[in-house]
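Read the structure below first, then the notes.
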Amino acid sequence: MSFPSASTATILIADDNPTNLKVAINAIANCGWEVLVATDGASAVEQATYAAPDLILLDVMMPQLNGFETCDRLKKNPATQEIPVIFMTALNDTVDKVQGFSLGAVDYITKPFQVEEVIARLKIHLQLRLLTRQLAERNEQLEQHVADRTAELSATLYTLQQSQLQLVQSEKMSTLGQLVAGIAHEINNPTHSIAGNLKHIDRYLNDLLHHVKLYQAKFPNPDTEIQADARNIELDYLEEDVPKLLLSMQESIKRIGGISTSLRTFSRSDITHKEPFNLHEGIDSTLMILKHRLKGNDQHPPIEVVQHYGDIPEVECYPGQINQVFMNIIANAIDALEESNQGRSYEAIEANPNQITIHTKMNAENSAEPTSVVIRIADNGPGIPESVKQRIFDHLFTTKSVGKGTGLGLSIARQIVEQRHHGTLACISIPGQGTEFIIELPIELEAA
Ligand SMILES: Nc1ncnc2c1ncn2[C@@H]1O[C@H](COP(=O)(O)OP(=O)(O)OP(=O)(O)O)[C@@H](O)[C@H]1O
Ligand SMILES: [Mg+2]
């Protein structure tokens, strides 16, 4: 916006006395200012409204609408209220000058005019008017600037929070991942060695037993010492039991191998590499890691885990991150169930057992050709009150005590699912009945 300078101003004069008008017009026109003239209050208001002068000179004593009433109207009209008003009054008029100022006038000049004084006052008020308008514009610019900066700062804060989440997420994941991968590695070597040796032992023992049987066949009547020893070591039972023991050891070794594979599946914390991933393996390995928290003790029975796995394809994703989502949601469910067990007896919990139910299926909504899978993880814990539910995905929001929860689990989970994988993460909860988290993931990450 550009303003007229004090030297190119427009001034409106309202006076019913032609002699006064003439003197004023001459004085003003000589200064190069444009002059508008009104001979009564009503036309002064009208002209001020459409011509928007920079200053108004108002005679106080006018018939019908006097100067004060005119000024009052000008100040009540948003189109004219900012225009400075100067009253003109004859020296011998007994006017209440305070009334004029309280109506919003900026000055008085007295008639008959001292032309130099009038011009000096007009110049000052025009200058003031100019400065006021410039100030208002600067103020507006400043406010805009502050608003822009505030928006910029909020955006920066949001970005910072997001990168903080990413850092925490990769930090948490790589620490846990490394630990788990390390354990898996350490378990692997002795397991392989035991499994390898078991095969040899199996063969050797079979050979030995065969050999003993051969002896017994060829020498059916051994001497008393051999007979006593056979009784002593319960040779018949031993012959029967050894193969069973071996079988059981082989089973156990297979299980340890399975655990180690699970650990390795879980620890695929590579956050930069996406690949097709069997989500069921991810869930199973997460449950494996959390197994110690699912177990029962003398205060409560174990938490039942019910798996309803549907027929879903491998999903293209960052496996380590998706496992972390499973981890955060299942760990929350366990926390909630533990909380709901407080103050309940073993029998009471047993009668209404703690449960975590996991469903997976293709997304049925667009059944023509489903492009996403849905994983639902539900618990029958205390549920979440509506006021809390609105905030559970917020950064650092937690209802848990210091040291127990940081309030990052779900915001990390949401970031992983929605930003990294273009899926959705939602929560349904009925207080008193339980909570369900619903994850939807596109099958092809590129297509998402
Ligand atoms: N299954 C659930 N049942 C009841 N409340 C839940 C459940 N899952 C999450 N919440 C609520 O949501 C809040 C936020 O969860 P979030 O995982 O983000 O943080 P946290 O578990 O408190 O801490 P962190 O996961 O960082 O250790 C929890 O404090 C809890 O109040
Ligand atoms: Mg949590």
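The values are calculated or read from the model by the stated rules, or taken from the named source; none is laboratory data. Since the model is a prediction, treat every value here as computed from it, not as a measurement. Methodologically, a virtual Cβ is constructed for each residue, glycine included, from the backbone with ideal geometry; neighbour enumeration extends over all protein chains shown.
Of the residues making up the stretch 433-447, just one is surrounded by fewer than 18 Cβ atoms within 10 Å (Cβ to Cβ), over 11 Å from Gly423 (Cα atoms) and within 13 Å of ligand 1 (Cβ to nearest atom), namely Gln433.
Assessment of the stretch 301-314 against the conditions (more than 16 Å from ligand 2 (Cβ to nearest atom), in a helix (DSSP H, G or I) and either surrounded by fewer than 15 Cβ atoms within 10 Å (Cβ to Cβ) or not assigned by TED's automatic domain parsing to the domain that holds Lys404 (or both)) yields no matching residue.
Of all residues in the stretch 194-240, those that are closer than 30 Å to Ile253 by Cα and in a helix (DSSP H, G or I) total 26. Checking the conditions here, which among Lys213, Lys172 is under 27 Å from Leu238 (Cα atoms) and among the charged types (D, E, K, R)? After applying the criteria, what remains is Lys213.
Among the residues making up the stretch 78-127, a single one is in a loop (DSSP other than H, G, I, E, B), without any contact (Cβ under 8 Å) to a residue 12 or more places away in the chain and among the hydroxyl-bearing types (Ser, Thr, Tyr): Thr94.
Is at least one residue of the stretch 286-300 more than 16 Å from ligand 1 (Cβ to nearest atom), assigned to a loop (DSSP other than H, G, I, E, B) and touching a helix residue (DSSP H, G or I) at 6+ places or on another chain (Cβ under 6 Å)? Break it down into steps so the answer makes sense when it comes.
Of all residues in the stretch 286-300, those more than 16 Å from ligand 1 (Cβ to nearest atom) come to 288, 291-292, 295-300.
Subsequent filtering for residues that are assigned to a loop (DSSP other than H, G, I, E, B) retains 295-300.
Restricting the remaining residues to those that are touching a helix residue (DSSP H, G or I) at 6+ places or on another chain (Cβ under 6 Å) gives 300.
Within the stretch 286-300 (the criterion being more than 16 Å from ligand 1 (Cβ to nearest atom), assigned to a loop (DSSP other than H, G, I, E, B) and touching a helix residue (DSSP H, G or I) at 6+ places or on another chain (Cβ under 6 Å)), the answer is yes, since at least one residue qualifies.
Looking for something within 13 Å of ligand 2 (Cβ to nearest atom), basic (Lys, Arg) and farther than 18 Å from Val373 by Cβ - is there at least one such residue anywhere in the stretch 412-435? No.
What number of residues within the stretch 372-401 are within 14 Å of ligand 2 (Cβ to nearest atom) and assigned to a loop (DSSP other than H, G, I, E, B)?
Residues flagged as within 14 Å of ligand 2 (Cβ to nearest atom) and assigned to a loop (DSSP other than H, G, I, E, B) within the stretch 372-401 amount to 13.
Please specify each residue of the stretch 110-142 satisfying the condition of being among the hydrophobic types (A, V, I, L, M, F, W, C), surrounded by 16 or more Cβ atoms within 10 Å (Cβ to Cβ) and under 56 Å from the mean Cα position of the chain (by Cα). If the condition is that a residue be among the hydrophobic types (A, V, I, L, M, F, W, C), surrounded by 16 or more Cβ atoms within 10 Å (Cβ to Cβ) and under 56 Å from the mean Cα position of the chain (by Cα), then Leu126, Leu130 are the ones that fit. Glu369 meets each of the listed conditions (1) modelled with pLDDT under 95; (2) more than 16 Å from Val168 (Cα to Cα); (3) within 14 Å of ligand 2 (Cβ to nearest atom) apart from (3).
Restricting the stretch 192-206 to residues that are within 23 Å of Asp241 (Cα to Cα) and not hydrophobic (A, V, I, L, M, F, W, C), which is nearest to the chain's Cα centre (by Cα)?
Step one: of the stretch 192-206, the residues within 23 Å of Asp241 (Cα to Cα) are 194-206.
Going one step further and asking which of them are not hydrophobic (A, V, I, L, M, F, W, C), we end up with 196-197, 199-200, 202-204, 206.
Working: Gly196: 52, Asn197: 54, Lys199: 55, His200: 58, Asp202: 59, Arg203: 62, Tyr204: 64, Asn206: 65 Å.
Filtering the stretch 192-206 for residues that are within 23 Å of Asp241 (Cα to Cα) and not hydrophobic (A, V, I, L, M, F, W, C), the one nearest to the chain's Cα centre (by Cα) comes out as Gly196.
Restricting attention to the stretch 33-75, the residues being closer than 14 Å to Thr10 by Cβ and not in a strand (DSSP E or B) number 10.
Residue pairs whose Cβ atoms lie under 9 Å apart, separated by 6 or more positions or on different chains, with the first residue in the stretch 331-351 and away from ligand 2 (no atom under 16 Å from the Cβ) and the second among the hydroxyl-bearing types (Ser, Thr, Tyr), are Ile349/Ser340.
Residues that are near ligand 1 (Cβ under 8 Å from one of its atoms), buried (at least 19 other Cβ atoms within 10 Å of the Cβ) and modelled with pLDDT under 95 do occur in the stretch 412-425.
Look through Leu176, Leu153 and report the one residue that is at pLDDT below 90, within 30 Å of Gln321 (Cα to Cα) and not assigned by TED's automatic domain parsing to the domain that holds Val325.
Details: Leu153 fails: at pLDDT below 90.
When all the criteria are applied, what remains is Leu176.
Condition (residue is within 30 Å of Thr159 (Cα to Cα), among the basic types (Lys, Arg) and either near ligand 1 (Cβ under 10 Å from one of its atoms) or surrounded by fewer than 17 Cβ atoms within 10 Å (Cβ to Cβ) (or both)) applied to the stretch 387-399: is it met by at least one residue? Among the residues of the stretch 387-399, at least one is within 30 Å of Thr159 (Cα to Cα), among the basic types (Lys, Arg) and either near ligand 1 (Cβ under 10 Å from one of its atoms) or surrounded by fewer than 17 Cβ atoms within 10 Å (Cβ to Cβ) (or both), which makes the answer yes.
Residue-wise test of (1) in contact with an Asp or Glu (Cβ under 9 Å, 6 or more places away or on another chain); (2) of a type outside the set (D, E, K, R); (3) over 27 Å from Cys317 (Cα atoms).
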| site | (1), (2), (3) |
| --- | --- |
| Ile377 | yes, yes, no |
| Lys400 | yes, no, yes |
| Arg420 | no, no, no |
| Cys427 | yes, yes, no |
| Glu446 | yes, no, no |
